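This report refers to the structure that appears directly beneath it.
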Amino acid sequence: VLYKFPKLPQTFIMNQITGLMDRSHEVHIFSERVPEQNKDHEAVKEYSLHENITYFEAPESYIEAARKTPYPLVKQLLKGRFDVLKFAQTPRKFPKKIRSLDKFSSEEEFDILHFHFGPMAKEHLHLTEETDAKTLASFYGSDVTSYPKNNQDVYDEVFEQVDEIIALSDHMQKNLQDL
């Protein structure tokens, strides 16, 4: 689960994905948004990654949210998923959570649900309720240093709910432990 994919500067994520595919693992990519770039990483074409990407298409404005949220919400309610109404506790994030839940296929069986970057884990933690998969969150930089500066508790739910936390370095690991 990522914010934008495929994003050229994030070669390390591309390498993780293609490395798993080289080892015959099936990879599904969930991304909030399509990056605004004209050129893809060469591996996107080589591995036909566009076939593996599902975009949550998070609304960018209140008007867009009002237009795009009712159908996925009704779909969830018709499935008997009244618990999705709890997302209304954070009205600004409600449309994003409903859209991601709608696009995340709970019928698919996953072994691992991997959140890239702390904020993505925080935003889409509700997806962990849709699967029996092991969950992990990878932290890479500003998500450890600047993002939590004004709110030391920002990742408490992530730390409680995911199975594993991965830090890019020992220094980041210590910062996460301090949080």
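The values are calculated or read from the model by the stated rules, or taken from the named source; none is laboratory data. All figures in this text were calculated on a predicted structure; none of them were measured in a lab. Heads up, the Cβs are rebuilt from the backbone with ideal geometry, glycines too, and the neighbour counts pull from every protein chain shown. In case anyone asks, the SASA skips ligands and DNA or RNA and just uses the protein heavy atoms, side chains included. Shrake-Rupley method; radii C 1.70, N 1.55, O 1.52, S 1.80 Å.
Between Glu26 and Tyr55, the contour length at 0.36 nm per residue exceeds the Cα-Cα span by 8.7 nm. In plain terms, the chain is cut at each of the GluC sites (Glu not before Pro) found in a DSSP loop with at most 12 other Cβ atoms within 10 Å, and the longest leftover piece is 110-179.
Within the stretch 109-179, what whole-number % of the accessible surface is contributed by carbon and sulfur, with the 1.4 Å probe and all protein chains included in the calculation? Carbon and sulfur atoms account for 43 percent of the accessible area of the stretch 109-179.
Computed over the chain, the per-residue total of -39500 (n - 2.57) for DSSP H runs of n ≥ 4 gives a 222 nm mean residue ellipticity of -10000 deg cm²/dmol, rounded to 500.
Report the full-extension gain for the segment Lys75 to Lys4: residue separation times 0.36 nm, less the Cα-Cα distance, to one decimal in nm. Kindly include the intermediate steps, with their values, before the conclusion.
Working: separation 71, 0.36 × 71 = 25.56 nm, distance 2.55 nm.
Going from the current span to full extension adds 23.0 nm.
Applying 1/(1 + (r/R0)^6) with R0 = 30 Å to the Cβ-Cβ distance of His171 and Ala88, what FRET efficiency is obtained, to the nearest 0.05? That gives a FRET efficiency of 0.20. Among the listed pairs Lys39/Lys103; Lys4/Lys68; Lys97/Lys174, a Cα-Cα separation exceeding 23 Å is found for Lys39/Lys103; Lys97/Lys174. Under the simplified labelling scheme, the Glu42-Asp163 pair shows an inter-label distance of 3.5 nm, with each label point 7 Å from Cα along Cα→Cβ. Pairwise Cα distances in the chain exceed 30 Å for 19 percent of all pairs.
Take the chain, mark every one of the trypsin sites (Lys or Arg not before Pro) that falls in a DSSP loop and has at most 12 other Cβ within 10 Å, then report the longest stretch left between them, sites excluded. For trypsin sites (Lys or Arg not before Pro) (loop position, at most 12 other Cβ atoms within 10 Å), the longest site-free span of the chain is 93-148.
3J(HN,Hα) couplings calculated from phi for the stretch 144-151 with the Karplus curve 6.51 cos²θ - 1.76 cosθ + 1.60 (θ = phi - 60°) are, in sequence order, 9, 8, 9, 4, x, 3, 8, 8 Hz; Gly and Pro show x.
The stretch 1-78 has equivalent-ellipsoid semi-axes of 28, 16, 9 Å, by the square roots of 5 times the alpha carbon gyration tensor eigenvalues, sorted largest first. Shape class for the stretch 79-146, computed from the alpha carbon gyration tensor (a ≥ b ≥ c): oblate, with a/c not under 1.5 and a/b at or below b/c.
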